[in-house]
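Peer 1: There's a structure below that I have some questions on.
Each reported figure results from applying straightforward, stated rules to the coordinates on display, with no laboratory input. Nothing here was measured: the structure is a model prediction, and the numbers come from that model. Using ideal geometry, Cβ is built from the backbone for each residue, glycine included, and neighbour counts are taken over all protein chains shown.
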Amino acid sequence: MEINKNISIDAVTDKILHIYSKGAVQAESFAVEAGLPVEGTLQKITAEGEDGGIYATKSLEIRMHSDGAMDIYDRDGRLLCAEYTGERAVQQDLTEEEREQMRQEGHAIYDDVGNCSFQVCKCLTGDEVIYGLGDKTGFLNKKGYDYMMWNSDNPDPQVENQTFRAMYKSIPFFIVLREECVYGIFLDNTYRSYFDMGFESGEYYWFGAEGGWPDYYFIAGDTIADIITGYTSLTGRAPLPQMWTLGYQQSRWSYGSAEEVLEIAKNFRKYGIPCDAIHLDIDYMDHFKVFTADSKAFPDIKKLSDELAAMGIKLVTIIDPGTKLEKGYDVYDEGIRNGYFAKDKDGSVYQNVVWPGDAVFPDFTSKKVRDWWGGLTKRLTEKGIRGIWNDMNEPASFDGPLPDDVVFGGDGKKRFHKEVHNVYGHLMAKATYDGLREHDGRRPFVITRACYSGSQKYSTVWTGDNQSLWAHLQMSIPQLLNLGMSGMPMAGTDIGGFGSNTTPELLCRWIEASCFAPLFRNHTAKYTKKQEPWQFGEEVAAINRKYIELHYKFLPYLYDLCYEQTKTGLPILRPLVMHYQRDRETWECNDEYMVGSKVLAAPVVQQGAAARMVYLPEGVWVDYWTGERITGKRYIVKEAALDVCPLYIKAGSILPAYGKMQSIEPENIDTLILEYYPEKKAGRAGGVSRWEGSSRYEHYQDNGVDFAYEDGEYNLYVFTFHAMRKNGLQVQMLHEGYGRKYKNIKAVVR
Ligand code: GLC
């Protein structure tokens, strides 16, 4: 609905408003791809001045001021979000001489925020916290910091400072939580954009972009979960993964030969450590030419993948977008022949330098190019490759950044680099996903480093080049939680740290801290110490084994959360605040997380620590290791020797578990164990503990491989367990469509 000459508002639902300027109408969204339902009704209630007026949906009221500013209320009259119309705080500026002096000492000076073509400025009330914004460094609460959305490859140590305003991913979505309300804002704009979350002034926050139009969504709800569900109803949700992709994965830049890869695989089996995949980093290629293999080091990838498959291990390969500029290399030749690469402003093919040296960049804004690229992945799947890891797709370039005016022809819809930079990785992931889906038939396993809002539909992500630093282990928790709240549930960090050398202690604490991560991959850089689980002796290997086994044990729980996510968009790893929103103590909890709603993990992330404080929210919690029942809404001190990651199960929960396995083969899983964690003991009878209570749990099962579930080939169970009754387990089927059911379903009281 046109509100005034600048602004239109549509009610996507009664709680989601699409607020945009006229120009945005022609813009095609890269994130909201399924089209927008306009299901809500927006009505003008009163007129106020020329441009003002009050508009309302069933849930929200928008009060327009005559100057175009808008305040959004709920229908109870509570002000959710007010436009800031006061004076802007002007930062003290430096003279050019002072700047030069700073630069000479190596300080980075940023003065680029002035280039916005629009800025939207909203009031801060003082009591809020802000979450989301993708993979940004720092803490869970983004308030007080400023960020940039410009997909960037920067391997320097990442911390919560100004240098890292931009990271690999651009997810221009955030959630504002206040004592009395919560809302989200998604700026659907792919240009370089800025999010100043109260850095400039404590009175307001603002966001803006260097191009495009104001085009954003205001998402209301009662809970953080509502906001995430709303956001993912627009941008999509992660489809169910192949089950094995949830398993442990081992990587290194780079395993240098087929023999080395086999050796690594054999070691996993020798040490009895579960493992589902090994990754081949760039050196498997022939001179870094994508979709080729080095004929000396990897003469027969099919044979290698078959040998690994016999050990239950899959092969995943890296694919970068930078395509080697070399006449006679068929991918290059074909791309040149068909005009598939991005062009310089003079019409010649644009080139820069990446791993292969001189390289050109596929224009993924073109469907033709995406189809071509997707087709090329067949060369890998034919050799038994089971997953594709997309890297350097910001796109990274070694010979300076791509100029703003590099042209992406996009099937006749010409765009410049400055507009599509932030969706380059997104479109590459989409090309890879679509290609794999079409010719492989299994659920595509794609990992991407760069992405945009909506990439969750196509890809898992990892947080890029972290370092083996305790600060980065600490940061991995809020980073994954904010990614999850930004609609990106399938995520992980390089376990052990990528750059610099890990230590035995750090590797142990990292595997513990990641033990429920949906992407569970140890990866490290070329020049670093080896960091496979057995490289530091038996104690470290045993700790790795313990937590990798724990991850596999709770695989059905993780898979159930993946299923739940397809319905709600809720992440697998969640900040405590998502389930205990009324408890302020949880709002800035950076070093604990929930797995679904039933498990709380409080990893040790301090070097040398053998104990830590743990905040347990309200209710009773069962210490996973000791069985102790602890009443929450308080801090406790938990002793945690090197092999202990403090874990708590919400009393009253059922958790589904599988028996031990070395790799995930859903077709061989016959037994499901239901662990019931009751709140209290009813006493002892005949020397045996008796427990009270009952619980209910919904469980999803399918073949874990392909899309048959879309045709109803899945089972949805409801288990009800009464601890006091003999044979107290009841099994009901809500949906019965998958023929291979469990042979045994057992309940145990923990
Ligand atoms: C980039 C990636 C890293 C990879 C390396 C070599 O730094 O982030 O994961 O190992 O390139 O391909």
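Peer 1: Take the alpha-carbon centre of segment 113-176, take the same for segment 302-353, and report the distance between them in whole Å.
Peer 2: When both Cα centres are located, 33 Å separates them.
Peer 1: Mind putting a number on the dipole of the chain about its Cα centre? Charges go on the C-beta only, +1 for Lys and Arg and -1 for Asp and Glu, and I need it in Debye to the nearest 20.
Peer 2: Here the size comes out at about 3140 debye.
Peer 1: Still on this model: Could you sort out which of K314/K413; K270/K302; K414/K457; K567/K638 sit more than 32 Å apart by Cα distance in this structure?
Peer 2: Checking Cα-Cα distances, K314/K413; K567/K638 exceed 32 Å.
Peer 1: Could you go through segment 640-651 in sequence order and give the Karplus-derived ³J(HN,Hα) for each residue, using 6.51 cos²θ - 1.76 cosθ + 1.60 with θ = phi - 60°, rounded to whole Hz, and x for Gly and Pro?
Peer 2: 9, 4, 3, 9, 10, 9, x, 10, 9, 10, 5, 4
Peer 1: Assign unit charges at the C-beta atoms only (+1 for Lys and Arg, -1 for Asp and Glu), then state the dipole size of segment 7-235 relative to its Cα centre in Debye, rounded to the nearest 20.
Peer 2: Dipole about the Cα centre, nearest 20: 600 debye.
Peer 1: Additional query: Along the charge dipole of segment 7-235, Cβ charges K/R +1 and D/E -1, which of V176, C121, N154 sits furthest on the positive end?
Peer 2: V176
Peer 1: Can you tell which of H472, I649, M594 lies farthest toward the positive end of the dipole of the chain, using +1 and -1 charges on the Cβ of basic and acidic side chains (Lys, Arg; Asp, Glu)?
Peer 2: Sorting the options by dipole projection puts first I649.
Peer 1: Can you compute the FRET efficiency between S295 and D371 using 1/(1 + (r/R0)^6), with r the Cβ-Cβ distance and R0 = 35 Å? Round to the nearest 0.05.
Peer 2: Step by step, r from the Cβ atoms, then E = 0.80.
Peer 1: Treating the beta-carbon of each Lys and Arg as +1 and of each Asp and Glu as -1, no other charges, what is the dipole magnitude of segment 655-749 about its Cα centre, to the nearest 20 debye?
Peer 2: 1020 debye
Peer 1: Extension gain M102-S597, at 0.36 nm per residue separation less the Cα-Cα distance, in nm?
Peer 2: In short, 173.4 nm is gained.
Peer 1: What spacing in nm lies between the two simple spin-label points modelled at E667 and E639, each 7 Å away from Cα in the Cβ direction?
Peer 2: In this crude label model, E667 to E639 measures out at 4.9 nm.
Peer 1: Further question: Please label the shape of segment 458-574 as rounded, prolate or oblate, based on the square roots a ≥ b ≥ c of the eigenvalues of the alpha-carbon gyration tensor (a/c under 1.5 means rounded; beyond that, a/b larger than b/c means prolate, else oblate).
Peer 2: Cα axes put segment 458-574 in the oblate bin.
Peer 1: Taking θ as phi - 60°, what are the ³J(HN,Hα) couplings along segment 397-402 by the Karplus curve (6.51, -1.76, 1.60), each to the nearest whole Hz, with x for Gly and Pro?
Peer 2: Taking θ as phi minus 60°, the curve returns 8, 8, 9, x, x, 5 Hz for segment 397-402.
Peer 1: Hey, another quick one. Between H722 and N115, what is the spin-label point distance in nm, taking each point 7 Å from the Cα along the Cα→C-beta axis?
Peer 2: 6.9 nm
Peer 1: Could you point to the residue in Y433, L42, M70 farthest towards the positive end of the chain's charge dipole, with +1 and -1 charges on the Cβ of Lys/Arg and Asp/Glu respectively?
Peer 2: Checked the options; the winner is Y433.
Peer 1: Let me ask something else about it. Starting from the eigenvalues of the Cα gyration tensor, five times each then square-rooted, give me the equivalent ellipsoid semi-axes of the chain, largest first, whole Å.
Peer 2: 39, 35, 25
Peer 1: With r as the distance between the Cβ atoms of K327 and D93 and R0 = 45 Å, compute the FRET efficiency 1/(1 + (r/R0)^6) and round to 0.05.
Peer 2: After rounding to 0.05, the efficiency reads 0.30.
Peer 1: Hey, what's the Cα Rg ratio for segment 655-749 versus the globular rule of thumb, 2.2 N^0.38 Å?
Peer 2: After normalising by residue count via 2.2 N^0.38 Å, the value is 1.25.
Peer 1: Let me ask something else about it. Using 7 Å Cα-to-Cβ label points, what is the V349/V705 separation (nm, one decimal)?
Peer 2: 3.9 nm
Peer 1: Still on this structure: Going Cα to Cα from K22, which aspartates and glutamates come in below 16 Å? Please leave out same-chain ones fewer than 8 positions away.
Peer 2: Filter leaves E2, D10, D51, D188, D215.
Peer 1: Just from the alpha-carbon atoms, what are the Rg and Dmax of segment 331-469 in angstroms?
Peer 2: In Å, with Rg to one decimal and Dmax whole: 14.8, 47.
Peer 1: Number of Lys-Lys pairs in segment 655-749 under 19 Å by Cα, sequence gap 8 or more or different chains?
Peer 2: Taking the Cα cut-off of 19 Å, the pair count is 6.
Peer 1: Another question, then. Okay, which of segment 1-33 sit inside 20 Å, backbone N to the point 7 Å along the Cα-Cβ direction of T41?
Peer 2: Inside the label zone: 1-3, 9-18.
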